[in-house]
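Asks: Pasting in a structure now, in C-alpha cells, and then I'll have a few things to ask.
The values are calculated or read from the model by the stated rules, or taken from the named source; none is laboratory data. Remember, predicted model here, so these are calculated numbers, not experimental data. In this analysis, Cβ positions are derived from the backbone assuming ideal geometry, glycine residues included, and neighbour counts consider all displayed protein chains. Note: areas computed on protein heavy atoms with side chains; ligands, DNA, RNA excluded. Shrake-Rupley method; radii C 1.70, N 1.55, O 1.52, S 1.80 Å.
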Amino acid sequence: MSEENLPERHGSEGHEVEPHADPFADPGLPPHEVRRTDIDERAARRAERQVALLFTISMIATIAFIASYVAFDIDKIVFIWPFGHVSILNFALGITLGVALFCIGAGAVHWARTLMSDVEVADERHAIEASDDVRAKVISDFKQGADESAFGRRRLLRTTLIGSMALVPLSGVMLLRDLGPLPEKKLEHTGWDKATPASPIKLVSMNTDEPLKAEDIQVGSLVFAKPQGLAESAETFQESIAMDAVMLVRIAPEDIKDRASGKLGFDGILAYSKICTHVGCPISLYEQQTHHVLCPCHQSTFDLADGARVIFGPAGHPLPQLAIKTDTDGNLIATGDFNAPVGPSYWERA
Ligand code: FES
C-alpha cells in the first residue's frame, strides 16, 4: 500500500496525529527552575547556617550519647510520660543517637536541596560490559600481581595470612561478652516461684490490683492477672511483669481437650503465661469460640483448650501454665511457679 493510500489517523480525542510522529520520542529535559538560593546570596547563606546548625546539633547529641553512657545506670528506672517506666540509660541512648543520626540526614538533604547544583544533566548510557582487550588486560594484571606478591610460592606467608584473617572475627565474638552476664537459672523462675502450698500467692487483676475470685472469671472472658504485692511503682516492676503476667480464661470443662492442663486449672479456669514463647511479645487477642489466642507480633496461635499448644506460627513451645485453686474466700491462688520457663526459647533452656 502506498503512503498516499494510508488511512488518515486520529488520536483518541479526534485530533489528527502526525503520520510519522514517534510515539516514544525523547521529551527532553524539563525547563530548569532557578532556586532562590541560586540567585540570592543572603538566602544561600541562611541555608548554609541552617545546615551547619543541624550538623552542630548532631555533634552535641553524640556527645550527650557518650555522656549518658557514662552517667546513667542501666538499672535506674524512671517514669517518663507517655512511655511509662523505662530505663533512663536506654531512653537517653535512644533519644541522643536518634537525634544525632536524624540531624546528619536532615542536614545533608537540606544541603542538597538548597545549595548543591541542581542543574539537570543527561548522561548517555554506554555498554556495561568491558571489551575483550580490557578483560584480557585485567586478567593479565591480576596474574602478574599474584606472581609479584609471591602469594603462590611463599607458603609460610600464605598460611599465616589465612590464619590471621580466619582468627580476626573472633575479636567480634569476644565483644559479645559486653551483652552482659548469662542469665543462667534466672529465666527459669518467676515471681510465682515464692508461692508454696503453705504460703500461696493471690492472683490480682492487672487493672485494679484487686484479688480475683473464681466467680469473677466468666466463660468466654480473658482476664489479665499478676501476683499480689507486685506494685507498679517498684523499680523492678517492668522486669517482673515481663515474667509474671498471666492471662486467665474460663472454658467449659467439657471443652478442655488436654486433661493435664485441665487439672492445673480450677473449675475450667486456666492460667497461662501472657508472654509469647517466640520472642516474648505480650499476647492479648482471644477468640472465645475456638479458645485460640493470637500473638500480634508474628501471629503465633495457641489453643488454650489444648494445653496452649502452638497451632500456627513460629513459636516453639506451648504457653507455660500456672497451677491455680481457690482459698476459703473463693480467691484464686497459686501454690507454685509456672510449669515451664516463660518467654522465648534460649540456649540454656532445658
Ligand atoms: S513474639 Fe509472638 S509470634 Fe513472635
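Asks: If the only charges are +1 at each Lys and Arg Cβ and -1 at each Asp and Glu Cβ, what is the size of the charge dipole of the chain around the Cα centre, to the nearest 20 debye?
Replies: Working: 32 positive and 48 negative charges, 426 e Å.
So the dipole magnitude of the chain works out to roughly 2040 debye.
Asks: Might you tell me the accessible area per residue for the chain, computed with a 1.4 Å probe and given in Å²? Mind dumping the intermediate values first?
Replies: Values: 23980 Å² over 350 residues.
Heavy-atom SASA per residue in the chain reads 69 Å².
Asks: Quick check for me: using +1 on Lys/Arg Cβ and -1 on Asp/Glu Cβ, what's the dipole size of the range 36-114 about its Cα centre, in debye to the nearest 20? Write down the numbers at each step before the final one.
Replies: Details: 7 positive and 6 negative charges, 54 e Å.
Using Cβ point charges on Lys, Arg, Asp and Glu, the range 36-114 gives about 260 debye.
Asks: Report, in degrees rounded to the nearest 10, the 0 to 90 angle that the Cα long axis of helix 132-149 makes with the longest principal axis of the chain.
Replies: 60
Asks: Related question: Evaluate the Kirkwood expression for the hydrodynamic radius of the range 87-151, namely the inverse of the mean inverse distance over all pairs of different C-alpha atoms, and round to one decimal in Å. Mind dumping the intermediate values first?
Replies: Numbers: mean 1/r = 0.0563 Å⁻¹.
One decimal place: 17.8 Å for the Kirkwood radius.
Asks: Straight-line reach only, C-alpha to C-alpha below 21 angstrom: list the lysines that K213 could link to, leaving out same-chain residues fewer than 8 apart.
Replies: K194, K202, K226, K263, K274, K325
Asks: In addition: Under the Karplus relation 6.51 cos²θ - 1.76 cosθ + 1.60, θ = phi - 60°, what is the ordered set of whole-Hz ³J(HN,Hα) values for the range 73-79, x standing for Gly and Pro?
Replies: 8, 4, 7, 7, 9, 10, 9
Asks: Under a Cβ-Cβ limit of 4.7 Å, which cysteines in the chain have nobody to pair with?
Replies: So far as the 4.7 Å Cβ criterion goes, C103 stand without a partner in the chain.
Asks: Also, I was wondering about something else. For the chain, take the longest principal axis of its alpha carbons; what is the angle in degrees between that and the long axis of helix 41-71, to the nearest 10 within 0 to 90?
Replies: The answer is roughly 30 degrees.
Asks: Follow-up question, since we're still on this one. Choose one answer from G307, G172, G262: the residue with the largest mean-square fluctuation in a GNM of the chain with alpha-carbon springs under 10 Å.
Replies: Maximum fluctuation in the GNM of the chain, among the listed residues, is at G172.
Asks: Here's another thing I want to ask about it. Could you name the aspartates and glutamates in cross-link range of K76, using Cα to Cα under 13 Å and dropping any fewer than eight places away on the same chain?
Replies: Partners found: E235, E239.
Asks: Which whole number in µm²/s is D for the range 274-350 by Stokes-Einstein, with the Kirkwood Rh taken over Cα pairs at 10 °C and 1.306 mPa s? Could you put the intermediate results ahead of the total?
Replies: Working: Rh = 13.3 Å.
After rounding, the answer is 120 µm²/s.
Asks: List the aspartates and glutamates whose alpha-carbon lies under 17 Å from that of K137, not counting same-chain residues fewer than 8 positions away?
Replies: Those aspartates and glutamates meeting the cut-off are E129, D147, E148.
Asks: When all alpha-carbon pairs of the chain are counted, what percent fall beyond 34 Å? Kindly include the intermediate steps, with their values, before the conclusion.
Replies: Numbers: 36984 of 61075 pairs.
Result: 61 percent of Cα pairs exceed 34 Å.
Asks: If I stretch the segment between D75 and L101 completely, what's the gain in nm (0.36 nm per residue apart, minus their alpha carbon distance), one decimal?
Replies: Details: separation 26, 0.36 × 26 = 9.36 nm, distance 2.59 nm.
Working it through step by step, the gained length comes to 6.8 nm.
Asks: A follow-up question, please. Within the range 114-139, what residues put their amide N at less than 14 Å from the label point 7 Å along the Cα-to-Cβ vector of A43?
Replies: 114-116, 118
Asks: What angle, in degrees between 0 and 90 and rounded to the nearest 10, separates the Cα long axis of helix 88-114 from the longest principal axis of the Cα atoms of the chain?
Replies: 20
Asks: Okay, next question. Calculate, for S233 and R36, the FRET efficiency according to 1/(1 + (r/R0)^6) with r their C-beta to C-beta distance and R0 51 Å; round to the nearest 0.05. List each step's numbers first, then the result.
Replies: Values: r = 55 Å, r/R0 = 1.08.
The formula returns an efficiency of 0.40 here.
Asks: Are there any chymotrypsin sites (Phe, Trp or Tyr not before Pro) in the range 78-154 that are in a DSSP loop and have at most 12 other Cβ atoms within 10 Å? List them by number.
Replies: Values: sites: F79, F83, F91, F102, W111, F142, F151; in loops: F83, F151.
Passing both the DSSP loop test and the Cβ count: F83.
Asks: Run the quick spin-label model on L161 and E184: label points 7 Å from Cα toward the beta carbon, then report their separation in nm to one decimal.
Replies: If labels sit at L161 and E184, their model points lie 4.6 nm apart.
Asks: Using θ = phi - 60° and the Karplus form 6.51 cos²θ - 1.76 cosθ + 1.60, what ³J(HN,Hα) does each residue of the range 252-258 get, whole Hz, x for Gly and Pro?
Replies: So the Karplus estimates, Gly and Pro as x, are 3, x, 6, 8, 7, 7, 8 Hz.
Asks: Pull up all non-local amide H partners of T326: gap of 5 or more, or a different chain, and H-to-H distance under 5 Å with H placed in the peptide plane.
Replies: I333
Asks: Further question on the same structure: May I ask you to give the percent of accessible area on the chain that is carbon plus sulfur, with a probe radius of 1.4 Å? Mind showing how you got there, number by number?
Replies: On the way: 14400 of 23980 Å².
Roughly 60 percent of what the probe reaches on the chain is carbon or sulfur.
Asks: How much net charge surrounds D118 when only other residues with a Cβ under 10 Å from its Cβ are counted (Lys, Arg +1; Asp, Glu -1)? Present the calculation step by step, with values, prior to reporting the outcome.
Replies: Numbers: positive: R35, R113; negative: E33, D38, E120.
Within the 10 Å Cβ shell, the charges total -1.
Asks: Okay, next question. How big is the range 40-128 by the Kirkwood estimate over distinct Cα pairs, in Å?
Replies: Details: mean 1/r = 0.0628 Å⁻¹.
Evaluated over the range 40-128, this radius sits at 15.9 Å.
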